[in-house]
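Following: one structure in structure tokens, then a few remarks.
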Amino acid sequence: MPDRVSIRIDGELIHAKLGQTILEAASATGKFIPSLCHLKGLKPVGACRLCLVEVAGVGRLLPSCTTPVQDGMAVTTRSERLDHYRRMILELIFAERNHICAVCVSNNHCELQALAKRLGVTHVRFPYSYPKAPVDATHRQFVLDQNRCILCTRCVRVCAEVEGAHVWDVGGRGVGSRLVCELNRNWAESRSCTSCGKCVQSCPTGALAAKGYAAEEMVKRAETISRLVEAKGARA
Amino acid sequence: MSKARVATVWLDGCSGCHMSLLDLDEALIDLAPKIELVFGPLVDAQEFPEGVDVTLVEGAVSSHDDLHLAQKVRARSKFVVALGDCAVTGNVPSMRNQIPPKQLLERIYVDGVNVNHRVPSDGVPPLLKQAVPLHEVIRVDLHVPGCPPPAAAIGFVLTELLAGRKPELAGKVKFG
């Protein structure tokens, strides 16, 4: 079986490696597909649905981060339908929690905000839900603000897969889902947290942040996670 | 050429959006001859007038007065602009939305002070249950996000509207 396949992305012929996902193949050729839960180096989960693409012959939209390439596949990454759904997803994310950007540590350095701008969101058409969401500031160095969490689970995965501690998980159901520390303890009471801060660096919004920063001051380096994973892979 | 009748309205916001409008500086001199400012915190009018061409609304809808004024603005304006994050998203004023108004006011005016333990009621409008973005109560024709929106964005919006075009802001302005 050949280890290379030919696919078309937006009409352009691309040679991808077998086993690659559509998202990987697209970004390898410099094509942009919006995503929030994807972080290079972590296992893809298809949580945010922003990377949905159209695949010829498939009736439903597929998340490009979890769909492997197949020979002869024809993928569309931009269309009116996709733009429509992606904007809707972003607006629903904003409506689901209390994203008060003006007072957020990650204002202007936020992946959610940047994507909203890029995809042309100027307001949220759905009524905001204004949930009562807690802030866990018990950890000495870091703080978790559930108001800003989009449940991308990057922190869950980086902690479990890279650090090996698995401090984080998601508890609850539906809109009541919340990021939980171990079996729903305060962060300070965690027995497995190593205070490495990888969860903070991987978080696309201001949900996880280091203490001591005011609004707009928290700049994260999610790419260091990707580099770390790459370096670990090279050593193994 | 007749002047465009422009109004500005200050609901639950910090006036920062109005400051940003004033930050247009010398560009205001070019706009001034084309505009008649008929209502807002920058002029004296007491009653929101009829027949307004463009109204810029700053602030979230937070009290009964805000709601009534917003409805009047819609009824009497051809084009309504939600100016800034409070009008567009609720922003900082919406941070009270998890707390019932009665509890909130008592926490501030009864528990939070040493003298005069009383929630003010004279001359202040009752709060709505939640502070909401403008488009949740009236139809909005254009959203200009930003906290505050940069002066250049406000200038662009006004210039385009005066030229009879609807400004296209999607992808150009930061959201939230």
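The values are calculated or read from the model by the stated rules, or taken from the named source; none is laboratory data. All figures in this text were calculated on a predicted structure; none of them were measured in a lab. Don't worry about glycine lacking a Cβ; one is built from the backbone with ideal geometry, like all the others, and counts go over all protein chains shown.
From the set of residues in segment A:95-117 that are at the interface with chain B (Cβ under 7 Å from one of its Cβ atoms) and part of a helix (DSSP H, G or I), which is nearest to B:CYS147 (Cα to Cα)?
Selected residue: A:ALA102.
A quick yes/no check of all residues on (1) part of a loop (DSSP other than H, G, I, E, B); (2) away from chain A (no Cβ under 11 Å); (3) farther than 25 Å from B:GLN71 by Cβ:
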site: B:HIS135; (1), (2), (3): no, no, no
site: B:ILE154; (1), (2), (3): no, yes, no
site: B:LEU158; (1), (2), (3): no, yes, no
site: B:ARG165; (1), (2), (3): yes, yes, yes
site: B:VAL173; (1), (2), (3): yes, no, yes
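May I ask you to verify whether B:CYS147 is touching a Pro at 6+ places or on another chain (Cβ under 8 Å), crowded, with 17+ Cβ neighbours inside 10 Å and within 14 Å of chain A (Cβ to nearest Cβ)?
No; evaluated as a whole, the condition is false for this residue.
With B:VAL140, B:VAL110, B:VAL119 as the choices, which residue is of a type in the set (A, V, I, L, M), within 12 Å of another protein chain (Cβ to nearest Cβ) and surrounded by 11 or more Cβ atoms within 10 Å (Cβ to Cβ)?
None of the other options fit; the residue is B:VAL140.
Given the conditions (1) closer than 17 Å to A:THR76 by Cα; (2) touching a residue at least 40 places away in the same chain (Cβ under 8 Å), and given that A:CYS37 satisfies all but one, which numbered condition is not satisfied?
(1)
So that you can scan it fast, the table gives a plain yes or no per residue for (1) surrounded by 13 or more Cβ atoms within 10 Å (Cβ to Cβ); (2) in contact with a strand residue (DSSP E or B) (Cβ under 7 Å, 6 or more places away or on another chain); (3) more than 29 Å from A:ALA102 (Cα to Cα); (4) at pLDDT 95 or above:
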site: A:TRP168; (1), (2), (3), (4): yes, yes, no, yes
site: A:LEU179; (1), (2), (3), (4): yes, yes, no, yes
site: A:THR194; (1), (2), (3), (4): no, no, yes, yes
site: A:LYS198; (1), (2), (3), (4): yes, no, no, yes
site: A:ALA207; (1), (2), (3), (4): yes, yes, no, yes
site: A:VAL219; (1), (2), (3), (4): no, no, no, yes
site: A:GLY233; (1), (2), (3), (4): no, no, yes, no
site: A:ALA236; (1), (2), (3), (4): no, no, yes, no
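With segment B:1-117 as the region, which helices (runs of 4 or more DSSP H) entirely inside it contain at least 2 residues that are over 11 Å from the mean Cα position of the chain (by Cα)?
B:16-22, B:27-31, B:64-76, B:101-106
Do we have any residue at all in segment A:133-140 that's surrounded by fewer than 20 Cβ atoms within 10 Å (Cβ to Cβ), facing chain B (nearest Cβ under 10 Å) and either within 14 Å of A:GLU91 (Cα to Cα) or modelled with pLDDT of 95 or more (or both)?
Yes: one or more hits.
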